[in-house]
Amino acid sequence: MSATSDLASRALMELNAAAAMIPLYGADHEAVRSHAALAASALQALGSTSPSVAVTFAGKHVICDGLVLACSKDVMRGIGAMFLARGANRLVLDARATPGDIVNLARFAQGDAQAGSAIRSSGIAIGHAGVASGSDAAADDLDPLEDAITENPPDAARSMEITAIWNQVVGTGRVPAEALGALAANIASAAAPNAQAMLALADIKSNDEYTYVHTVNVSLMSSALAQACGLSLDDVHDVTTAAVLHDIGKTRVPLEILNKAGKLDPAELTVMRSHAPEGARMLLAMPNIPEVAAIVAFEHHIVLDGSGYPNVGSSYRTHMASRIVQIADIFDALRTHRPYRAALPFEEARGIMTRDAGRRLDAELLQVFFDHVVPRTAASCETQAAA
């Protein structure tokens, strides 16, 4: 563990303890102030190396400096769950934070809204994801497949900062190729034909879900589809890597657009859709990243008839890897809650995708996907069992 992540872990454990004591003793109790002081001391020790430290809450893990913190289990049972319940997945802790700042942060975690304004003036930043109200979109006028293809936010919020790899991209502009390779290998192994049901898609129910979860889903299903198509181990690895990185261009989209509560206006939508070519440019400039990853980043919103984005024309033909990732991407989008519609049942999602087979989606890949990939997911097993 790095010195930065070690100090962050110490600070979070003390913050966790302070927050846990507030309902019992109140924010002014000596025990709360003592834990807050220890947290501030750990953060101040960061000053020699960094003015601040960012931590993210991802699933069961707390990630900092590209590492999963040892305190993850305890923190995610405490303040991690509290912050996620309040729509926040990321904290930027200032090395100059005072014990009083830490107490305010603990108060906020416990639901004290008045502590929020004090936090904003302290140098501590809390990352929020906006969620649109149901009235912001007309579900009756919505083409679910078009929505999934064009990815009209807001529920795509929370950006790439949720994973350790994406944290490093945000901070350094570079993809850690070695860590990425290990991740792709693990995903490909989990998606192997002899592995049990790959992931519980039925558990992905929140309309403010993490891009992290979506990316894991898409990567698993893309890897499984590549294997079911008989691609070589090297090609499967490259497709899996491409799936992990397919939305990497969103690290260049302003947070106020990624996290906007409500539909994007035309200018904002143009910026959002720039993530595809921008992601391709980023990946082409990075060493040790498979070239197909840049291709998929550019093409994953372009469908067979040339519609989608970027605008390439009807004669354009996308790479097989892009069509693989796109099918997994669209299926996961249809099976996820949106602010303006519920997650679609499995049969409805399959029907929507099948109706456009051969026109917007690759018919042969789609058949393999529904025959050999989806039946292995826990969600489809549960759906079929309940039928």
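The values are calculated or read from the model by the stated rules, or taken from the named source; none is laboratory data. These figures come from a predicted structure and were not determined experimentally. Glycine also receives a Cβ, built like all others from the backbone with ideal geometry; neighbour counts cover every protein chain displayed.
Key figures for this structure:
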item: Breaking point among (1) at pLDDT 85 or above; (2) at positive phi, for Ile79; result: (2)
item: Total residues in the stretch 303-329, condition in contact with a helix residue (DSSP H, G or I) (Cβ under 7 Å, 6 or more places away or on another chain) and under 21 Å from His214 (Cα atoms); result: 11
item: Residues of the stretch 312-339 that turn out to be among the polar types (S, T, N, Q) and modelled with pLDDT under 90, as a count; result: 3
item: Residue match in the stretch 74-86 (condition: more than 20 Å from Gln114 (Cα to Cα), among the β-branched types (Val, Ile, Thr) and surrounded by fewer than 20 Cβ atoms within 10 Å (Cβ to Cβ)); result: no
